[in-house]
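**Q** Quick one: structure below, then a few questions.
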Ligand code: GLC
Ligand code: CA
C-alpha cells in the first residue's frame with residue numbers, strides 16, 4: 001500500500017455552531033474557531049473536519065445548503081474562512097470540509113427555479129413523481145412532498161426543506177464538480193461526504209443506499225476533482241458492509257480514502273426497528289464487529305475510527321460510565337479506539353469526556369429529527385417518559401450542546417445567550433480544568449495521538465485480536481517487524497482479567513495507562529474496573 005499523509009493523521013471534528021462564539025450573538029463562528037486553533041495544536045491533531053458553514057436556512061443545521069459558494073453570515077465571511085485556512089496552515093493543521101450533495105435546501109436557486117416546472121433547466125436536477133410511492137423520510141413522515149402548482153411530488157430523503165438532487169442529470173453532476181474544485185483551489189485538504197451512498201438511488205425501484213451507479217459516480221467525481229490532488233476523502237456510508245467497503249477505499253479503484261461504516265453504532269438498537277428502540281449493548285458483538293473490520297482492511301483499504309460525531313450521543317454516556325467512572329471509562333474508550341489501525345476521528349468535547357445533555361424538557365431538543373420524533377411518537381400514543389428516554393439516550397442534541405471551555409458564564413462559549421442550552425455539568429467538565437489536571441482525559445488523548453506519531457506500528461502494524469472469548473475485555477496486538485503493541489481494555493465496572501498467551505509480558509513498557517500499576521501473573525493481566533492500557537515491546 002502506498003503511504004499517504006492521512007494514514008498518519010488524527011482528525012478533529014468541529015461543529016461550528018457550538019464550538020466558540022466570538023461576537024456575543026450566542027452562535028459559534030469562524031473567528032471563534034480561529035482563536036481555538038492553538039488549543040487543537042496542543043491536543044496534537046493534524047486535520048480539522050469542519051461541519052457545513054455554507055449559506056443555509058439552517059433547518060438541519062447547515063446540511064440544507066442554499067449556496068455552496070457563500071458562507072452563512074452567522075459564521076462569518078468567505079474571507080474569514082480563508083483566514084481560518086491560513087491560521088491552520090501556520091499551525092501545521094489541514095482542513096477538510098463537508099460535502100453535502102445528496103440534497104440541497106429548498107431555498108437553493110436550483111430548486112426555486114425548478115419549481116417553475118419542466119421548462120426550467122433545473123427541473124431535472126430534482127426527482128419528481130406523480131404519486132406518493134410510500135417511501136419514508138429518515139426524519140419521519142413521507143419522503144415525497146406535494147407541490148400543488150405542478151401537481152407533482154418531489155423526493156426528500158431528509159427534511160421537507162431538503163429536496164434530493166437527481167444524480168442522473170449530467171449537468172447537475174458537472175456543477176457539483178465545479179463547486180468542489182472551487183473549494184479545492186481554496187486550499188482545503190479534502191471532503192467528508194455526507195450520506196454519499198445515497199447518490200446512486202433508484203427511488204422508483206425502492207433502492208436508496210448502494211444504488212447501481214454509485215461507484216461510477218464516485219469514480220467520475222474523483223476524476224473530475226480530487227484524483228491527483230492527494231486529498232483526504234471520507235464517505236459517510238450508513239449502508240456500508242464488508243462486501244462493498246473495499247469498493248470505496250481500494251486505492252486501485254480511485255474512489256475515496258476511507259469511509260465511515262456504522263455497523264458498531266447499531267448494536268444497542270433492536271434489530272429491524274429504529275435507532276430510538278433501545279436494547280443493551282452486546283459487548284461480544286461489539287468486539288467481533290471491530291475485529292472483523294480490522295482484519296478485513298489489514299492489507300488493503302483503510303478504516304476510519306470513531307465513537308462520536310454530531311449525529312451520535314456522547315460515547316462516555318452511551319457505552320462508558322458517565323457517573324462514577326467518567327474519566328476512567330472515557331480513557332478506556334479512547335485507548336480501545338486509538339490503538340486500532342485506521343484514521344481516528346475525535347468529536348469536539350470528546351477529549352474532555354463531555355456527556356449527554358439529558359434535557360428533561362421537550363423544548364430543549366432543537367434538532368429537527370428530535371422535534372419530528374416527539375410529534376410522531378406522542379401522536380402514536382407513546383408515553384412522554386418513553387419519548388424523553390429515547391431522546392436522552394440517542395438524540396443528536398446530546399452532541400450539539402456548546403463546547404465547555406471553562407467554568408465561567410455559559411462555559412466560556414459565549415458572552416450572549418447561547419443558541420442552545422449549555423450542559424449544566426460544565427462547572428466540573430471543561431477544558432480549563434482538564435488542562436490543569438495532568439491526569440485528565442485530555443492528556444490521555446494527547447498521549448494516544450503522540451504515540452501514533454511516534455510508533456509506526458500503531459499506524460501500520462497488523463491487527464490481531466487476543467483472548468477472543470473474554471466477555472469483559474477487548475484485547476489485541478499490533479505487530480510489525482520491529483515492534484509489538486498490546487492493547488487491553490476492561491469494558492466494565494468490575495474487575496477482570498485477560499489471558500494474553502504472551503510469555504514475556506514483563507518486557508512490555510507502558511505507553512498509555514489509566515491505572516496505577518500493571519498487574520501481571522504469568523501470561524495474565526489483572527484489571528480494575530474500566531482499566532485500559534497500551535503497552536509496547538521492541539523486538540530488537
Ligand atoms: C448526515 C449528517 C446529518 C444530516 C443528514 C442529512 O447524516 O451527518 O447531520 O442531518 O446527513 O444531510
Ligand atoms: Ca457568533
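The values are calculated or read from the model by the stated rules, or taken from the named source; none is laboratory data. Just so we're clear, the structure is a prediction, and the values are computed from it rather than from any experiment. Heads up, the Cβs are rebuilt from the backbone with ideal geometry, glycines too, and the neighbour counts pull from every protein chain shown.
**Q** With modelled with pLDDT of 95 or more, more than 16 Å from ligand 2 (Cβ to nearest atom) and surrounded by fewer than 21 Cβ atoms within 10 Å (Cβ to Cβ) as the only criterion, which of 164, 132 stands out?
**A** 132
**Q** Consider residue 87 against the criteria (1) away from ligand 2 (no atom under 16 Å from the Cβ); (2) over 25 Å from residue 303 (Cβ atoms); (3) within 18 Å of the chain's Cα centre (by Cα): it satisfies all of them except one. Which criterion is unmet?
**A** For residue 87, the exception is condition (3).
**Q** Scan the helices (runs of 4 or more DSSP H) fully inside the range 266-374 and keep the ones with 1 or more residues being within 16 Å of ligand 2 (Cβ to nearest atom), at pLDDT below 95 and crowded, with 20+ Cβ neighbours inside 10 Å.
**A** Per the criteria, no element qualifies.
**Q** Also: If residue 481 meets every condition in (1) part of a strand (DSSP E or B); (2) surrounded by fewer than 21 Cβ atoms within 10 Å (Cβ to Cβ) apart from one, which number is that one?
**A** That leaves (1) as the condition not met.
**Q** Restricting to the range 1-47, name every residue that is within 16 Å of ligand 1 (Cβ to nearest atom) and either at pLDDT below 95 or in a helix (DSSP H, G or I) (or both).
**A** Selection gives 16, 17, 18.
**Q** Can you tell me how many residues within the range 496-524 are in contact with a helix residue (DSSP H, G or I) (Cβ under 7 Å, 6 or more places away or on another chain) and either within 14 Å of residue 484 (Cα to Cα) or surrounded by 18 or more Cβ atoms within 10 Å (Cβ to Cβ) (or both)?
**A** 3
**Q** Touching a residue at least 60 places away in the same chain (Cβ under 8 Å), away from ligand 1 (no atom under 16 Å from the Cβ) and part of a strand (DSSP E or B) - does that describe any residue in the range 84-106?
**A** yes
**Q** Output the number of residues of the range 1-21 satisfying the condition of being crowded, with 18+ Cβ neighbours inside 10 Å and either within 15 Å of ligand 2 (Cβ to nearest atom) or over 21 Å from the mean Cα position of the chain (by Cα) (or both).
**A** 8
**Q** Then there's this: Report the residue count in the range 195-221 for those that are surrounded by fewer than 20 Cβ atoms within 10 Å (Cβ to Cβ) and touching a residue at least 24 places away in the same chain (Cβ under 8 Å).
**A** 10
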